[in-house]
Amino acid sequence: MSAGLSLLLVASAALFAVGVLGVVTRRSTVVMLLGTQFMFIAGALLFVAFARFGLGAERATAGASMALFAGTVAAAELAVGLAMSALIYREHRSFALDADRG
Amino acid sequence: MTLLEAIPTTTATPITLPTLLLSAMVWVPALGAIGLLFFPTRTEVQRERARSFAIGTAALVLAFGVFMWYGFRDQSGTFAYEETRSWLRGVGSSYHLGVDGVSMPLLLLSAILFVVAVLASSRLREQAKEYFILLLLLETGVNGVFASLDYLLFFLFWQLQAVPMFLLIARFGGPRRLSAAWKFLAVDLAASALLLLAILILYFKAPVRTFDISTLHDLAVPAATATLISWLFFIAFAVRLPAFPFHTWFIDAQGEASAPTALILGGILVKLGGYGIIRVNLGEFQDAFHRISGAVVVIAIVTVLWSAIAALAQDDLRRLVGYVVMSHMGLVLLAAASAAPVAINGAVLLMVADGLTAALLVLMAAAIVERAGTTSIRAMGGMAAHMGRGALFWILATLAAIGFPGLASFIGQFMIVVGAYPSQRIATWIAVLGILVLAGVMILTVQRIFFGATPERPGRLRDLGTLELFNAAALTTFIVLLGVLPAILMDSINFSVLSLLSRGSG
Amino acid sequence: MTLALLAAAPKGPLDTWSPTLLALFALLLPLIALLIVLAFTIDSRRVSAWIAVIFTLAAAVCTFLVVAIEVAHPLHLERPATFLQFFTGQSGGAAEFTLQWGVLSDPLAAEVSFAVALISLLVQIYALAFMRREDGVVRFFGVLLFATFAMLGVTFSTNYFEMLLFFGLVTLSTYLMIGHWWQREEAVAAASRAFIISVLGDIALLAAVAYIYFRFNELNFQALTGHYTGGRVSANGLFIMAILVFIAAAAKSAQFPLHLWLVGSAQAPAPAAALIHSAGSAVCGVYLIARAYGLFDASPRGLALLAIAGGLTAVLGVLWALFQENLKRAVAYTTMSELGLMVLALGIGAYGASVFELFTHAWPKALLFLAAGVIIRELRTERLAEMGGLWQRMRFTGVLMMIAVAAGAGIPPFSTFWSKDTILSKALELGSPLAIAVITAVTFLGAMALVRIFALVFTGETARRRRFEPDRIRDAGGRIAFTMAVLAIASLISGIRGFRGRTDPIAFVTFPGVSLPNSHFVAAGVIAASAVVGAMVAFVVYARRVPVPAALQPVRQAMGEGFFIDRAYRLAAVGIVLPVSRAAAWVETRVVDGGLDLVGDSIEFAGQPRRWLGEFRIRPLLIGFFAGVVVLGTLAIVLAGGIIGKTG
C-alpha cells in the first residue's frame, strides 16, 4: 500500500466526515444537500484512487467510469433535492427542515 | 421474446427454454408501483381505480407464481426457471435468477401474502396510493431476494426493502410509529452493512472474480476467513430473523405498524432471515457454519424461550403476535443449526406455515383491536359476544401457531423436533418447553379476549366484514390444506434441501 | 401368520368385511357428519343434531361389527397410509423418513372404540333433549362429533405419530367441551387449565416420539414391540421413554400431579362431562399406556412408576371425593380414583383387567353424569347440601343411579366388580402387600364415596331453599330416560364373564408375555366385601346426615380443595413465572432497547440545530473536524489495508 494511496484514502475519509457533519448538524435543506455532495465526492475519490493504484477491478478504467457515474447520480439527486427545497421555501418561507413546526 | 414464448411447457426440455416468469414475478410489482404514480386520486372513483390497479398487480404476480408452481416439478437441474443475463461483467456479477424447492414455496407465500395485504389495505382512506406504491416496491424487494442467485443482486433487493418499509411504518402506523420506524431503519441498515461486508470479503477472498452464489463455496477460502464470513452472514440474517438480542425492532414494528404492513413484516420479511441462513450459511458455508453452530443453537434456544416468556407479560395484542412469530423463527434457527435434512425440511415448511399463520393473527388482531377500541388484552373480555366469527378465526390462528395437528405448523414443528433431536438433544428439549409456554400464553389470551362476561361497549360492534372474512377464510384454507397435505410441498422441498446440503459440504 | 389364521378360520358373512375397513368407516363417519353440519346445516339445530346422531349411530354399528369380528377371530390388522415420506439421503436406517397414519383393528381397539362410539351416541341422544333450549346447540353437537372423531382416532392409531396427532385433537375437543358455556368465567378458566395440562402431555409425547424415533427409527406400535427388549437402548433410555409416555398419559388421564383439570371438567354440560369422563380424554391416557405397553413391559422402573402414580392417584382421588360439596365434582373425583386404579393395574401387570376396567367403568360413570345433569337441572343447584329427598320425587332416576353407584362401586354382579376382582387377583399373585392394600382401600372408599353421593341426593328431606318449589321437580322422561336406561343395562351386564362358549372378556385383550391371573375366590370375596361394607357404612353415615365434628373442619376443607394443590400451582405460576416474564420485559426495554435508543438519541441530539454552530466559531469546529478525520482515516486505512493487502 503506497503512500499516495493512503493519502488519498485519508482525504476521502475527511471529505466524507465533512459531508456527514453537514447533513447531521445543519438545519437548512440546501446545506444538507451540500453535505451529501461531499459524501458523493468522497466515494468517487475512493474509486479513482484505487483505479489509479491498480487495485480492485480488472480494468483500470472501471474506477474512473464509476466516478463519472457517481457524479451523475449526485447531480440528479441534487436537482431533485433542490426542487423539494424550493417547494418547502415556497410554503414556509424558510429552508429549515422543521419549518412546518413553527 | 414475448412472455407467451417464454412460458415453459412440460413437453419441451425445460432447461433450454428461456423464461421470463421469474423476472416477471420480481419486477411486475415495481412496474405496477410506477404505473400507480400516474393515477390521479382526487375523486373517490379515481381512488377506486388506483385500488383496483394495485389489487390487479398483486393478483397478476400471484397468478405467475401459481403458474410457475405447476411447471415447477417438471424442471430439472438444481434451480428452476433459471435466468442468466450479463449485467456487470466488469465485477463478475450477472443477472442470475432461479428458484429451487426452498425458495419456490416462500416465493409463492410472498405472492399470496401481498395479495392479502393489498386487499386488507383497501379500506384506507388517505394516501392510499402511496401505500400501495410502497407495498408493491416492497414486494419487488422481497421476491427479488428469493429469486436471486447472485450476491450483488441479493444485496440490492435486500436493500430495496428498507426504505419502503420505513415509510410504511412511519406514515401509516400507531402512536409511536416514528420511534419504531427509526429503530427498524437503523437496525436494518446496520445489518445490511454487515451483509455487504460479508459479501465483499467473500468476493475478494474467492479465487474467482464472481458474485454468483452457487459458484462461491467455502472450499477455497481459508478456514478463519470462512468462519468470519459465516459469522457476518449469520448476524446479518439473524437480525432480520429476528433472533435475540436483535429482536426489539421487530416487536416495536409489529406493535406500531398498520395491519397490512405488520402482516408483510411478520409474514414474509422475517422469513428472509431464515431463508438467508438456509441458502447462504447452510448451502454455501456448511463447514464454517458447523463450527459456529454451538453459538447459533444457544441463540436459537434463547430466542424461543425469551419470546415465550416475554409473551407472558405482554399486554399489547399486536406485540404478542410479534413474539409468536419470533418464537417460530427461533425454531427455524435451531433446525438450521442442526443441519439435519428432516429438520431443515421442517424449517422450510414451518416458515411457510408461519407466514400464513402470522398473517391470520395480524389480521384478526387488527380486527379485534378495532372493535375493542384498545390494544390492551386485559381491557378486553367477552368479545365472542360481538364477533363470533372473529373468535373462530382467532382461535384457529392460535391453534395454528401452537402447532395443532391438522394445521400447517404441526408438521413443521414436529419435523424440526424429530430432526434436530439427534444432534441437539438438550436444545431440542428446551425448545419444546418454549412451545409449551407459548401454547399456554396463547390459550390464556384467547380466554382473556373472547370469553367470560361481556362488558358494556359503546356503539354497535359488527362481526367480521366481507373483506376481512374473505382474507381470513383464504388464509385458513391454506393453513388447513398445508396441515392435512404437507406432501404437496414436501417432495420439492426435500429434493432441494438434500442437494443444498450435499453441495454445501464440499 | 395372521393371514394363515384368517385362511384357517371358518367362513361366514362377517368375514367378508375387513375389520380395518369398518374401523376406517367408524373413524370417518363422525368427521363427515361434522363437515356436513359445518357446510350445510349450520343454521338448523334440529337437522344438525339428527345428522350427528345418525352418523354416530352408524359409527357405533361399525365398531360393534369390529368387536364381533375380533371376538370371532382375534387378530391384529393394520391399514396404513403414508402421510409424508421422503428420502433423507443419510446412511443406514435413516435413509427414508416416513410418517404414516391409518387404522388398526385388534381386540384392544375394538373394545375401547365400541365403548367410545356407543357412549357418544347415547350422550348425543340425551343431549337432543337436554340441550334443547340452550344456545349454541349446533356448536355443541359439532364439538361432540369432533370429540368422537378424535377419540376414535386415538383408539385406532397405528403409530406414535398418529397418536400424537389425535392426542392434539382430543386436547382441543376437551377444551371446547369444558368451555362450552363460555360466558361463565369458571368454565373458561377450567377449559384453559385443561388445555394447558393436556398440551403439556402432548409436548411430552412429542419429546417421546423424537427420542423413540432417534433410537429405534420406527414409530409403529406393532413393529416396536419386539425392539424394546432387543438391548438397543439402555435401561435408562427405556425408562426415560417410559416417563415421557407416562407424562403424556398422565395429562390426559388426570394422574397425580396432572390431575387438576379433571375437577374443572365438571364445568362442562352434563352430556359432555359424561363423555369426557367415561370415553373421552380420561380414557386416552390409559389407552396410550396399554397400546405402548411393550415399552413399559421392557422397563421395570416404568412399571413401578405406573403402579406408584396410579396408586397415589387412586387413593387421593377417592379421599377427596368423600369431601366434595358439589355433585359433579364429587363424581369427577371418583373418576380420578378409577383412572388411578386402571394405571395401577397396568403397573402391576394386570393388562387385560385394566382394559376391562376401562370398559366396565365407562357405563356407570356416564350414567352418573347424565343423571347428575338431570338432577342439577331439576333442583337448580349443584351443591349436595341443598339436595336430598329425591327418592320420592324422582324414583326412576333414583333407581338408575342406584344401579350406577353399585356398578361403579364394584358390588357384584355389577360391571366393575369383575374387573376389580381380576386386578386384585393379580396383586395377590404378585404378593405385593402394598398393592393389595391400596386396591382394597380404594374399592372400599370408592364405594363409600359413590354411595355418599347417592345418599345425600336421594335420602332424607329436600333441603328448603328460597324461591324453590320442591313440588315442581319432575322425573326424567323421554330420550333422557331412554339413554340412561340403556346405560344402566350396560352397567348391569357389561361385566359378566365366564359364560360357557363365550369368550372371557378379560382374556379378550391380552399382551404377549403378560399372564392372566387365575381368578381367586379370595380376591372376589375381598372386593365384594369391601364394596358392600363401604356402601353400607356410607349409607348409614350420610343418610343420617351425621355432621362432621368441628375439629375435623380444616381436614375437610383441605380434602375438599384437593390439598390446595391447585392453589400451589397457581401461586407458583404467578409467583415465579410472571416475575420472570416481567424481568424479561424490563431487560428488553432498558438494556436492549436502551442501547438502540442511545444511538438514536445521540444522533437526534447531534442533529438538532445548535445555535452555537450557526455562529460559526472556527476553532472548536476545526479541532473537532481534524480529530474526526484522524480517527476515521486511521480506521479506513487499517481496514482497507487489512482486507485488500492480504491479496497482495
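Each value in this text was obtained by applying a stated rule to the coordinates, not by laboratory testing. Please read these numbers as outputs of a predicted model, since none were measured by experiment. Here the Cβ positions follow ideal geometry from the backbone for every residue, glycine too, while neighbour counts run over all protein chains shown.
Counts of other chain beta carbons within 10 angstrom of each beta carbon in peptide B:436-442 average 5. Taking the average, over residues, of other Cβ atoms within 10 Å as the packing measure, peptides C:338-345, C:389-396, C:300-307 rank C:338-345, C:300-307, C:389-396 from highest down.
Taking max minus min of the alpha-carbon positions on each principal axis, the stretch C:51-126 gives extents of 55, 31, 14 Å, largest first. Length gained on full extension, B:Ile55 to B:Gln159: 35.0 nm, using 0.36 nm per residue less the C-alpha separation. Simple spin-label estimate for B:Val66 and C:Val591 gives 4.9 nm between the two label positions (7 Å along the Cα-to-Cβ direction from each Cα).
Placing a label point 7 Å from the Cα of A:Ala99 along the Cα-to-Cβ direction, the residues of the stretch A:20-47 whose backbone N falls under 14 Å from that point are A:27-33. Mean partner shielding of peptide B:354-367, defined as the number of other chain Cβ atoms within 10 Å of each residue Cβ, is 0. Compared with the dominant Cα axis of chain B, that is its longest principal axis, helix B:151-160 is turned about 20°. The stretch between B:Val302 and B:Phe38 holds 90.2 nm of extra length on full extension. This uses 0.36 nm per residue minus the Cα-Cα distance. Distance between the pseudo-spin-label points of C:Val577 and B:Ser86 (7 Å out from Cα toward the beta carbon): 6.4 nm. Among rounded, prolate and oblate, which fits the stretch B:402-485 when a ≥ b ≥ c are the square roots of the eigenvalues of its C-alpha gyration tensor, a/c under 1.5 means rounded, and a/b larger than b/c means prolate? Because a/c hits 1.5 or more and a/b fails to exceed b/c, the stretch B:402-485 counts as oblate.
In this calculation the C-beta distance from C:Ser515 to C:Val537 is compared with R0 = 35 Å, giving a FRET efficiency of 0.50. Dividing the convex hull volume of the alpha-carbon atoms in the stretch B:92-247 by its residue count gives 118 Å³ per residue. Dividing the radius of gyration of the alpha carbons in chain B by their Kirkwood radius gives 0.96 for Rg/Rh. Normalised Debye scattering of the stretch C:322-448 at q = 0.12, 0.16, 0.18, 0.20 Å⁻¹ gives log10 I(q)/I(0) of -0.47, -0.77, -0.92, -1.07, counting only Cα atoms as equal scatterers and leaving out solvent. Can you tell me the orientation of helix B:408-420 relative to chain B, as the angle in degrees between its alpha-carbon axis and the longest Cα principal axis, to the nearest 10? Between the helix axis and the principal axis of chain B, the angle is about 50 degrees. When you filter the chymotrypsin sites (Phe, Trp or Tyr not before Pro) in the stretch C:148-229 for DSSP loop state and at most 11 other Cβ atoms inside 10 Å of their Cβ, nothing is left. Between the Cα long axis of helix B:44-72 and the first principal axis of chain B there is an angle of about 50°, rounded to the nearest 10.
Taking 25 Å as the limit for the C-alpha separation, the pairs C:Lys252/C:Lys328; C:Lys328/C:Lys426; B:Lys271/C:Lys252; B:Lys183/B:Lys205; C:Lys365/C:Lys420 exceed it in the case of C:Lys328/C:Lys426; B:Lys271/C:Lys252; B:Lys183/B:Lys205.
Counting Lys +1, Arg +1, Asp -1, Glu -1, what net charge surrounds C:Thr174 among other residues with beta carbon under 12 Å of its beta carbon? Net of charged neighbours comes to +1. Under a model in which nothing but the beta-carbon of Lys, Arg (+1) and Asp, Glu (-1) is charged, the stretch B:229-305 shows a dipole of about 120 debye around its Cα centre. Using just its DSSP H runs of length 4 or more, each adding -39500 (n - 2.57), the protein assembly as shown gives a mean residue ellipticity at 222 nm of -23500 deg cm²/dmol after division by all residues.
In a reduced charge model with +1 at each Lys and Arg Cβ and -1 at each Asp and Glu Cβ, the protein assembly as shown shows a dipole moment near 2500 debye about its Cα centre. With the convex hull constructed from alpha-carbon coordinates only, the stretch B:33-178 shows a mean projected area of 10.3 nm² over all directions.
A dipole drawn for the protein assembly as shown from +1 and -1 charges on Cβ atoms has a positive end, and of C:Pro554, C:Leu434, B:Thr215 the residue lying farthest that way is C:Pro554. Projected onto planes of every orientation and averaged, the convex hull of the alpha-carbon atoms in the stretch A:27-92 covers 4.5 nm². Above 42 Å, the calculated P(r) of the protein assembly as shown contains 50 percent of its Cα-Cα pairs.
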